[in-house]
Structures are given as C-alpha cells and as structure tokens.
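Remarks on the structure that follows.
The values are calculated or read from the model by the stated rules, or taken from the named source; none is laboratory data. No experiment lies behind these values; they were computed from the predicted model shown. Using ideal geometry, Cβ is built from the backbone for each residue, glycine included, and neighbour counts are taken over all protein chains shown.
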There are 2 protein chains.
Amino acid sequence: MLELCLKPIASRSKYAQVQLRLCQCEKGHSGHCDEFPFLRGFKVSHPLVAKKIERDATMTTGASWKSQDAGPNRILRWVMLLSDEELLGFSIDMKKLKPQVVAKLREKAASYKDCIEVSKKLTWLAYQMLDAPQPSAEIAAYLEAQFGATILGSTTCIVCRQPLSFNLFSEARKGRAEIETGHMNPRSHKAHNVGFVHRECNIAQGQRTLQEFYSWIKEILERAESNPIARNPDVQNPEVD
Amino acid sequence: MLELCLKPIASRSKYAQVQLRLCQCEKGHSGHCDEFPFLRGFKVSHPLVAKKIERDATMTTGASWKSQDAGPNRILRWVMLLSDEELLGFSIDMKKLKPQVVAKLREKAASYKDCIEVSKKLTWLAYQMLDAPQPSAEIAAYLEAQFGATILGSTTCIVCRQPLSFNLFSEARKGRAEIETGHMNPRSHKAHNVGFVHRECNIAQGQRTLQEFYSWIKEILERAESNPIARNPDVQNPEVD
C-alpha cells in the first residue's frame with residue numbers, strides 16, 4: 001500500500017463541515033493536491049467514465065425526479081450517515097420522505113474512506129476491461145500497489161461473470177447505461193464488494209446478495225427442470241421457445 | 001369448448017368502430033349479454049382482481065405518466081394493431097413518439113379474440129391459486145370446458161415455478177403489485193403463453209423468453225461455479241455471502 005498525502009482539499013461545499021475531502025496523491029507528491037489522481041487518465045481520454053466512477057463511488061442513487069417525498073436526487077453517501085436532526089441543518093427533512101425512500105437512502109450510506117476506496121477499485125477494474133485504454137505507468141503503479149497486478153480483459157460482470165468491454169461505457173451516452181456499478185451485497189458499499197455489472201444483470205440481481213441470487217436461480221432451474229410443463233401445457237410450444 | 005353467444009354488446013366507446021365487444025356467455029344464455037361472465041364471481045368478491053385481469057388481458061402497459069413522447073398511458077391492445085394512419089384518426093400520432101415507445105406499444109398489440117382468451121386463462125389460473133376463493137359451479141364449468149379441470153393450489157409463477165397465493169393480489173392495494181401477468185414469450189399475448197408471475201421474477205426475466213431466461217441463468221451458474229473467485233478476491237468474504 002502506498003502512503004498517501006491526505007491533506008485536506010479546500011472546498012466551499014456546505015458539506016465540507018461534515019467531511020473534508022482529502023488528497024489521495026502519494027505522500028511527498030509534486031504538483032497540486034488531488035482527490036482523484038488515479039482518474040486523471042480517464043478525465044482526459046474518457047471524461048464520462050471518470051465522472052461515472054466518481055459519481056457511483058461517492059453519491060447515492062436517487063429518484064430520477066425531484067420532489068418533496070421522493071427525496072434528494074443524489075447526495076454524498078457519507079452525508080447519509082448523519083442523523084435526521086443533523087440532516088435538518090442541511091434542509092433535508094427525512095421525516096417528510098416516504099419510509100421506503102428513507103430506507104433506500106440510508107442503505108446507500110457509506111463512509112468517505114469507503115467511497116474513495118470504491119472509486120479506486122472501480123478505476124482498477126475499468127482499466128482491465130476488454131478494449132480499455134492503457135493506464136499511464138504512474139496510475140498503473142498507484143492502483144496495482146493497492147489491488148494487485150492488472151490483467152487486460154480480466155474484468156467480468158460480477159453477476160454473470162462474462163468479460164466486460166470498455167466500449168459498453170460509451171452506450172451510456174445514448175441515454176441508457178449498459179454498464180452499471182454493482183454490489184455483491186447490495187447493502188455494503190466497500191471496495192471488496194463492488195464491481196461493474198451489465199444493467200440487465202443488476203436488475204435481475206435486485207436486492208439479493210450475489211450468493212442469494214445464485215441460490216435463487218439454482219432453485220428456479222431445479223423446479224423448472226423437474227416439472228417443465230406444470231400447469232402450462234403449451235410451455236413447450238415452439239412459438240414460446 | 002362451449003358454444004358462445006357472441007352477440008355484439010352496445011358501446012359508446014370511440015374504439016367500438018375498430019372492434020365490437022362480444023358477449024362471452026354460453027349460447028342461449030338467460031339474462032343480459034356480458035363480455036366477462038367468468039369474472040362475475042371476482043367482481044363481487046375481489047373487484048380489484050377482476051379489474052386487474054380485465055386490464056392486463058385487454059390493455060397495453062404504458063408509461064405511468066402521460067406525455068407527448070411517452071405515448072398513451074394504456075390503450076386497448078387491438079387498437080395497437082391499426083396502422084399509423086388509422087391511429088391518427090383517434091388522435092394518436094405514432095410519429096411523435098420515441099422509437100422505443102412505438103416498439104413497446106406495437107409489441108403489446110393483440111387481437112380482440114386473443115385478449116378475451118387471455119382473460120379467461122388468467123381467471124382459470126387465479127381460481128387455482130393457494131388461498132383462492134372457490135368459483136361458482138357455473139363459472140368453474142365454463143372455464144374447465146376450455147382449459148381443463150381446476151386443481152386448487154396448482155398455479156405457479158411461470159418463471160420461478162413456486163406456488164402462488166391468491167393473497168398476493170391484495171398486496172397490490174398497498175401500492176406495489178407483488179403479482180403480475182407474465183408472458184413465456186414477452187412478445188406473444190395469447191392464452192397459452194400467459195400466466196401469473198412474481199413481480200421480481202417478471203423483472204428478472206425481462207425481455208427474454210422463458211427458455212432464453214433459463215438458458216441465461218444456467219450459463220451464469222456454470223460460469224460462477226467454474227470460477228467462483230475470478231478477479232474479486234473477496235467474493236467469499238462472509239460479509240457478502
């Protein structure tokens with residue numbers, strides 16, 4: 001593991017009082033402090049990918065609309081660690097939100113440190129996708145010091161385990177993300193628990209942990225195979241195959 | 001199969017010119033004509049279930065909001081068989097809709113006859129759920145003449161094949177339907193192809209046919225089992241199990 005600079009980075013965000021953002025450059029680095037030095041490559045070559053990694057790592061997902069009871073659209077995950085009372089100080093009234101929305105937001109809460117680690121892990125995984133650009137020697141060394149050697153083409157969807165192509169990121173520009181950040185346990189936002197997933201795999205996994213998902217589909221197959229026709233006499237109709 | 005009355009039922013709907021609604025009572029029946037005589041029991045005991053069956057059988061699903069480019073919220077499935085030109089006569093301008101919306105609406109199109117058959121099949125299946133009310137002798141005879149003997153408790157989710165309880169319908173009242181109408185082939189709205197599904201099973205199936213879905217999850221399990229750890233060294237971390 002590298003020793004990091006960790007100097008606070010000046011910010012005028014109202015949430016700076018909750019958590020100072022810290023420089024993640026190597027200790028004794030030259031140049032200015034930077035919270036996401038490992039994203040510098042993508043910021044130049046693939047700015048939307050850099051943005052997505054930073055956003056998925058640090059922000060909750062929210063409703064795609066804004067309304068009183070839908071809750072904030074996206075918010076820093078560590079802000080969601082605050083109490084209802086503390087949040088009132090930021091004009092967020094959790095008591096006005098529907099219980100399901102509160103549960104969803106609270107479930108996405110994560111410490112600042114975990115979010116930063118997640119962003120590093122996602123960057124490391126993105127560089128190992130098929131068709132990914134090569135990281136600079138500096139970025140490769142930074143990420144490999146934490147997560148191990150990079151192997152191009154080794155990043156798979158954490159759900160279906162098929163290799164992911166970096167090109168899937170660009171589909172996102174056409175409106176519908178084909179690739180999402182996923183969690184082996186949907187309720188734990190930590191580096192060892194995150195990865196990339198196909199959108200449809202993420203949807204199929206739903207709120208299950210990966211192990212629960214695999215058990216679930218295994219049981220489905222067992223039931224379907226032991227009783228293929230059941231009460232649906234036409235299930236083997238060629239039309240529905 | 002019963003011989004049916006099939007007399008047209010008077011209607012002031014603007015869509016009556018597209019398709020007359022037909023009496024589905026047995027030929028020579030007494031009393032007034034009725035398009036859904038097999039739903040009379042549910043209409044009294046479980047009106048929301050009756051409504052759901054009629055709606056799912058005859059209407060497209062649409063966006064949950066109304067807007068120019070989201071398309072009509074719900075519309076009769078057989079109206080979606082009309083050409084773009086004919087639809088203009090009903091103030092539906094398909095050319096103003098996004099291509100994905102058009103595709104979705106057209107895919108849900110079905111003939112009047114198929115929709116009616118679907119509503120009968122769904123009624124027959126609902127009566128065979130665990131905890132379902134008993135049909136009147138008349139309704140049971142009507143449905144069994146078409147689909148065969150009813151066996152209480154034999155209706156399973158068409159995707160996961162677990163028995164479905166009639167009580168799941170009542171969850172729908174609390175906002176989120178736990179049970180939905182599903183299609184073994186999502187692009188074919190015919191009686192032999194429909195059944196009930198858990199909401200989450202329907203979501204997992206997505207646009208795949210049932211056979212495609214089973215093949216897909218089988219391959220996922222094979223990959224997950226042959227390479228359980230992959231590039232995610234902590235996948236077996238107890239926390240994510």
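Details
- Residues (among the aliphatic types (A, V, I, L, M) and surrounded by fewer than 24 Cβ atoms within 10 Å (Cβ to Cβ)) located in the range A:183-196: A:ALA191
- Residue tally, condition outside any loop (DSSP other than H, G, I, E, B) and surrounded by fewer than 19 Cβ atoms within 10 Å (Cβ to Cβ), over the range A:22-62: 11
- Matching residues, the range A:90-123, being among the polar types (S, T, N, Q) and either surrounded by fewer than 19 Cβ atoms within 10 Å (Cβ to Cβ) or outside the structural domain of A:GLY182 (by TED's automatic domain parsing) (or both): A:SER91, A:GLN100, A:SER111
- Lone qualifier among B:ALA103, B:ALA109 - being among the small types (Gly, Ala, Ser) and in a helix (DSSP H, G or I): B:ALA103
- Of the helices (runs of 4 or more DSSP H) lying entirely inside the range A:124-241, those carrying at least 3 residues that are more than 15 Å from the chain's Cα centre (by Cα), modelled with pLDDT under 95 and facing chain B (nearest Cβ under 10 Å) are A:210-226.
- Taken over the range A:99-115, residues that are more than 11 Å from the chain's Cα centre (by Cα) and under 23 Å from A:ARG21 (Cβ atoms) amount to 8.
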